[in-house]
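Worksheet: the structure to be examined is printed underneath.
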Amino acid sequence: MARYGMALNYKSCINCRACESACKEENGVLLLKDHYRIWVGVKEAEGEFPNISIASQTYHPSQCQHCSNAPCQMVCPTNATYYGTDGMVMVDPVKCILCTYCINACPYDARYVDQRTMTVDKCTFCSDTRLAAGETTTACQATCPTKVRVFGDLDDPKSEISQLLANKEYRQVKEHLGTKPKLFYIV
Amino acid sequence: MNTFSLKKLFFFEKTPLNLLMAVLTVGLLAAFFAGVANYILHGHHAYNVTRQHPWGLLISMYVFFVVSSTGLCIISSIGHVFGIKEFQQIGKRAIAGAIITISSGFAVIAFEIGHPVTMMIYNVLTPGLTSAIWWMGTLYGLYLTFICLEFFFLAVKEHHTLSKIFGICGLLVGLAAHSNLGAVFGFLVSRPSANGVFYPVYFILSAMITGCYLIFLMYGFRYKMNFPDKVQVMLVKLSKILGMLLAVLIFFEIWKILTALYGDMPERAATILHAVQHPNFWLGELTLGMLIPFTVILLSNAQAIKATVYASILGMVGIFFMRYGLVHDTLLYPMTTLKRAEYELAPTFVEYFPSITEFAIGLGGIGLSLFLYYIADKVFNLDETEGAHH
């Protein structure tokens, strides 16, 4: 049994947003304003003209952190949000009552209401689309031109992600909340 | 129980106040059903809730109604459960009010929860025991059962011991349910402005205040401001209790705000500063909900019952803003996780204003309460039965 996570060389991101398009295409996410499983945040350049710090402008690809201690799972009244066998945070649409408590509880804004199923949707690391078909990469990873994303098994010491995390310094988002996220930003 | 017929049911004295209440009730009730019809046609598209602001007016109104219910239950228990003689007369009226308000709350929330039937099934089959919503919902279901039984043994088949037993059960389960409702917000680790012990405790306190306001309103309407001595004595005492509770609430609020602002903690301080500058807080919640009723009670030494009844109307408007603020302020701060400028727009405080459908269903719920109260008052004798208490 694997424990999937993702490392992001975010400094290589060029904000082309091919990942956003690939995710929507692969997972059939609707083309509506609030409908996105992943996104690229923009940290704008700091300073006043002419002293603008070019280096301070960075892009931050992000998505569900697949927390090991997920607040969204904890607050779900019907256990519709659950931990999958590979440690991923999943949603069972049959049990979801659309109380949207999980959207309130998620510190990462990773959840939204899917207008097709009228349940709360989120990133699944393409488990029901690509991984189920035998692929070993997610759509966002496969399409990335600058190889920002590295997806893999955190419990396998030989996996690319484990090797990367063993050799590089990284940081995580809002880890002070005790969520134990599984997205790692390589610095 | 009174004997009643349809003719009797719709007969009432045509005084200006009665007519005003009748028009208000019918208008709000019509708004409720119109809102529900629009929701059935358009689903959640009829609401202004978004990914960034997933809860809105309907959650606020649900909280408004269940706070009213718990408050009435707690205040009625002063006489009915704890045996304070002067308060025994409010038992039936308050418990009827508690049943009516929580039913209205359930009616409103049924149109906010996307799949209420699925909820009833999977609440039982796969309960989420770490979820405050699960505990709140389940305990409120139990609470409604207990207070219905309490009312049955108070007003239909009078049995003092059984009504007291169910009264105690209703009170305890109601307190547990209500503090769990506070925990629904207090447990949100993602929202520093709401996270913590404050809400579960404050919910009980504000429920008691809401209960007092509603008792004043129900008695003011029942006796058209000409209170018999026995009622006058009870209301003066209730007024003193209300004054003390308001003082405690103001004290709580001051320290909540100071603690939130102190040290300029990220997310929390900015959110609370933004919230307290809005008229919803300083005019609605603070002035109408707390300061005016408190001043009336303080200046009259709790003797001005008529003025307190009028102040209770303002108080309930303030309580509405209190509930609205609870939901809106919790969701004010955008979850800007690495989204410094999502889609080229700098993140600001999340904006939300309810849609017409949300107003229709939410405020229409008040019409539902008024209508049910009118029926209850016709069908049952909600005044104290002579010799009912020993």
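Things worth noting here:
- Other protein chain C-beta atoms within 10 Å of residue C-beta, averaged over A:39-46: 4.
- For chain B, built as a Gaussian network whose Cα springs stay under 10 Å, the top-fluctuating residue of B:100, B:90, B:113: B:113
- Computed over all pairs of different Cα atoms, the Kirkwood value for the hydrodynamic radius of the protein assembly as shown is 26.0 Å.
- Segment A:55-138 - Rg over Rh from alpha carbon coordinates, Kirkwood radius: 1.01
- Between helix A:18-27 and chain A: long-axis angle, C-alpha atoms, 0 to 90°, nearest 10: 10
- Reachable aspartates and glutamates, given that their alpha-carbon falls under 15 Å from the alpha-carbon of residue A:147 and they are not under 8 places away in the same chain: A:20, A:160
- Gain in span if fully extended, residue B:42 to residue B:265, counting 0.36 nm per residue against the direct Cα distance: 76.2 nm
- Kirkwood Rh, Cα atoms: Rg over Rh of chain A: 0.97
- Dipole axis of segment B:1-154 (+1 Lys, Arg; -1 Asp, Glu on Cβ), positive-most option in B:101, B:49, B:117: B:101
- In segment B:39-90, Rg over Rh equals 1.34, where Rg is the alpha-carbon radius of gyration and Rh the Kirkwood radius from pairwise Cα distances.
- Accessible area, probe 1.4 Å, largest first, for residues A:81, B:259: B:259, A:81
- Helix B:132-151 vs. chain B, principal-axis angle (Cα, 0 to 90°, nearest 10): 10
- Our Cα-only numbers for segment B:1-65 put the radius of gyration and Dmax at 17.6, 53 Å.
- Percentage of interatomic Cα-Cα distances in segment A:1-62 larger than 18 Å: 51
- For peptides A:174-185, B:48-59, sequence by mean Cβ density within 10 Å, most packed first: B:48-59, A:174-185
- Residue pairs, from the table A:33/A:168; B:240/B:378; A:43/A:182, whose Cα atoms sit over 28 Å apart: A:33/A:168; B:240/B:378
- For segment B:87-101 versus segment B:172-228, the gap between their alpha-carbon centres in whole angstrom: 16
- For segment B:209-334, the C-alpha radius of gyration sits at 1.19 times the compact-globule guess of 2.2 N^0.38 Å, with N the residue count.
- Take each residue in A:109-119, count the other chain C-beta atoms within 10 Å of its C-beta, and the mean is 3.
- At q = 0.11, 0.12, 0.16, 0.18 Å⁻¹, base-10 log of I(q)/I(0) for segment B:35-184 (Debye sum, equal scatterers on each alpha carbon): -0.47, -0.55, -0.88, -1.03
- With contacts taken as Cα pairs under 8 Å at a separation of at least 6 residues, chain B carries a relative contact order of 31 percent.
- Taken residue by residue and averaged, Cβ atoms of other chains lying within 10 Å of the Cβ of B:113-125 number 5.
- Whole-Å semi-axes of segment A:116-187's equivalent ellipsoid (Cα gyration tensor): 23, 18, 12
- When the pairs A:174/B:256; A:122/B:256; B:164/B:256; A:24/A:180; B:8/B:92 are compared against a 28 Å limit on Cα-Cα distance, A:122/B:256; B:164/B:256 fall above it.
- Choice from A:99, A:126, A:19 with maximal GNM fluctuation in chain A (Cα, 10 Å cutoff): A:99
- Interface size, chains A and B: roughly 3700 Å² of accessible area buried, both sides included, 1.4 Å probe, rounded to the nearest 100.
- Chain B: angle of helix B:198-222 to the longest principal axis, Cα-based, in degrees nearest 10: 40
- Here the spin labels are modelled as points 7 Å beyond Cα on the Cα-Cβ line, and at residue A:49 and residue B:110 they lie 6.1 nm apart.
- Calculated SAXS-style log₁₀ I(q)/I(0) at q = 0.09, 0.11, 0.12, 0.13 Å⁻¹ - chain B, Debye, Cα scatterers: -0.54, -0.81, -0.97, -1.14
- Taking N as the residue count of segment B:2-109, its C-alpha radius of gyration divided by 2.2 N^0.38 Å amounts to 1.40.
- Residue among A:152, A:28, A:47 with the largest mean-square fluctuation in a Gaussian network model of chain A, springs linking Cα atoms under 10 Å: A:47
- More than 18 angstrom apart: percent of Cα pairs within segment B:130-246: 65
The values are calculated or read from the model by the stated rules, or taken from the named source; none is laboratory data. Since we're looking at a predicted model, the values are computed, not measured. No Cβ is skipped: glycine too gets one built from the backbone with ideal geometry, and neighbour counts run over all protein chains shown. Only protein heavy atoms, including side chains, enter the accessible area calculation; ligands, DNA and RNA are left aside. Shrake-Rupley method; radii C 1.70, N 1.55, O 1.52, S 1.80 Å.
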